[in-house]
Amino acid sequence: MPAHKHDAFAVRVARGEIGPVTLLVGEEALLIDECVDAIVGASVDVPMREFNLDILDGAKTDVRDVLAKASSFPMMSDRRAVVVKSFERLVAGEKARELFAAYVLRPLNSTRLVLIAEAPDFRKKPFTDLKKHADVVEFKKLYENEVPGWIVQRCRTMGKKIDLDAARLLQGYVGDSLMSIQRELEKLITFVGDRSELSVDDVSAIAGASRGFTVFDLQNAIGRRDYRASSSILRKMVESGESPQYIVVMLTRFFTQLWKFREFKQQGLSESEMASQLRMSPFFLRGYPAFLQQFTVGEVEAAFVALRTADSRMKSTGGDAATELDLLVHSIVRSRALAAATFEATDVRV
């Protein structure tokens, strides 16, 4: 019997088409756990689970105990479910393999036996028999380039939207573990509340916070023209592995938003309207009026030039990115002082 793909098998489970023995194979723990929940949910009503649901660890259980539970008839229910984790450990011995193979050939139809194995050897019993007589469902680890699309789809099932840029950023912070990504998505959804879309800002604020200082801490320090804080935060971000290119991109985005904020303020837009236009949380918008007081139009334009120059230098020279970033932050934060000093020197010469 060919192995099922997990998404196709999920459709079968939803229709109640579940065989007496199911083997779940792979590394994606989140998807396996969700599949187990779906099988149990379709097989045993919640009030009856105290009597008709057993969840066992194959590393700590004897095969005879598992088979005894699987061979028991349900109490006050049509079905009972038995879930065995680390199934490879349960059937490590020759006698255990023989006993289990015999059950696979004649399973009890009222039991839904769910076996979980990360990397079984299908050349050996009972896996050879399971492949022929049970439902085998694969949960292959997603390739790195598949993860952002999965995040977008998962958000959709959770009632939210997220674009690919924000999904890639989340992947960059959390990695490729779907379990870890799911936990961060739950935090993000709580954070955004009634808003329908998760933004890059949201991801950086919530997922990035778990790594220490975030680009928002850096933006706030730069927005206050606090060079000491900016330099310290920048150094710690680089030491924690933050991408220099990402820092430049996000600072460019910050000054773009500050430029637009000035325009929207002149147009008389409300805070909620500006937050919507900028596609950012009103929470992050609160500091922008103060930032606007710190940077003139000319200084924002100068920041764009400094950012482009730093980006070009890091890409072309291959020099020390940390030094380039520190020089960048220094030029942005101290631009007013430098301009004033230049003016005073010119005035003296005149």
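Annotations for the structure displayed:
- Within the range 264-284, residues that are without any contact (Cβ under 8 Å) to a residue 12 or more places away in the chain and among the hydroxyl-bearing types (Ser, Thr, Tyr) reach partners that are part of a helix (DSSP H, G or I) and surrounded by fewer than 16 Cβ atoms within 10 Å (Cβ to Cβ) with beta carbons closer than 8 Å, at six or more positions or on different chains, in the pairs SER272/PRO282.
- When ASP129, ASP121, ASP135 are checked against the criterion of being touching a His at 6+ places or on another chain (Cβ under 7 Å), assigned by TED's automatic domain parsing to the domain that holds ARG12 and not hydrophobic (A, V, I, L, M, F, W, C), ASP135 stands alone in meeting it.
- Entry remark, the range 200-236: residues being more than 28 Å from THR323 (Cβ to Cβ) and modelled with pLDDT of 90 or more number 0 in total.
- Listed by first and then second residue, the pairs with beta-carbon distance under 9 Å, at least 6 apart or on different chains, first residue in the range 239-255 and farther than 16 Å from TYR288 by Cβ, second crowded, with 18+ Cβ neighbours inside 10 Å and among the hydroxyl-bearing types (Ser, Thr, Tyr), are GLU242/THR214.
- Residues in the range 60-115 that are under 16 Å from ILE18 (Cα atoms), outside any helix (DSSP H, G or I) and β-branched (Val, Ile, Thr): VAL82, VAL83, THR111, VAL114.
- Residues of the range 237-270 satisfying the condition of being among the charged types (D, E, K, R), exposed (fewer than 14 other Cβ atoms within 10 Å of the Cβ) and at pLDDT below 90: GLU239
- Test: residue in the range 108-117 that is β-branched (Val, Ile, Thr), over 16 Å from ILE55 (Cα atoms) and surrounded by 23 or more Cβ atoms within 10 Å (Cβ to Cβ): no
- Residue in the range 8-23 that is aromatic (Phe, Trp, Tyr) and surrounded by fewer than 17 Cβ atoms within 10 Å (Cβ to Cβ) present: no
- Selected residue [small (Gly, Ala, Ser) and touching a Phe, Trp or Tyr at 6+ places or on another chain (Cβ under 6 Å)] from GLY287, GLY241, GLY223, GLY268: GLY223
- Verdict on LEU234 being in the same structural domain as ARG308 (by TED's automatic domain parsing) and buried (at least 19 other Cβ atoms within 10 Å of the Cβ): yes
- Residue within the range 238-245 that is in a helix (DSSP H, G or I), farther than 20 Å from SER199 by Cβ and aliphatic (A, V, I, L, M) present: yes
- For the range 167-231, the helices (runs of 4 or more DSSP H) that sit wholly inside it and include 3 or more residues that are surrounded by fewer than 20 Cβ atoms within 10 Å (Cβ to Cβ) are 178-192.
- The residues listed here are GLU98, GLU138; of these, the one that is surrounded by fewer than 19 Cβ atoms within 10 Å (Cβ to Cβ) and either in contact (Cβ under 8 Å) with a residue 40 or more places away in the chain or under 37 Å from the mean Cα position of the chain (by Cα) (or both) is GLU138.
The values are calculated or read from the model by the stated rules, or taken from the named source; none is laboratory data. It should be emphasised that the depicted structure is a prediction, and the values quoted were computed from it without experimental measurement. Methodologically, a virtual Cβ is constructed for each residue, glycine included, from the backbone with ideal geometry; neighbour enumeration extends over all protein chains shown.
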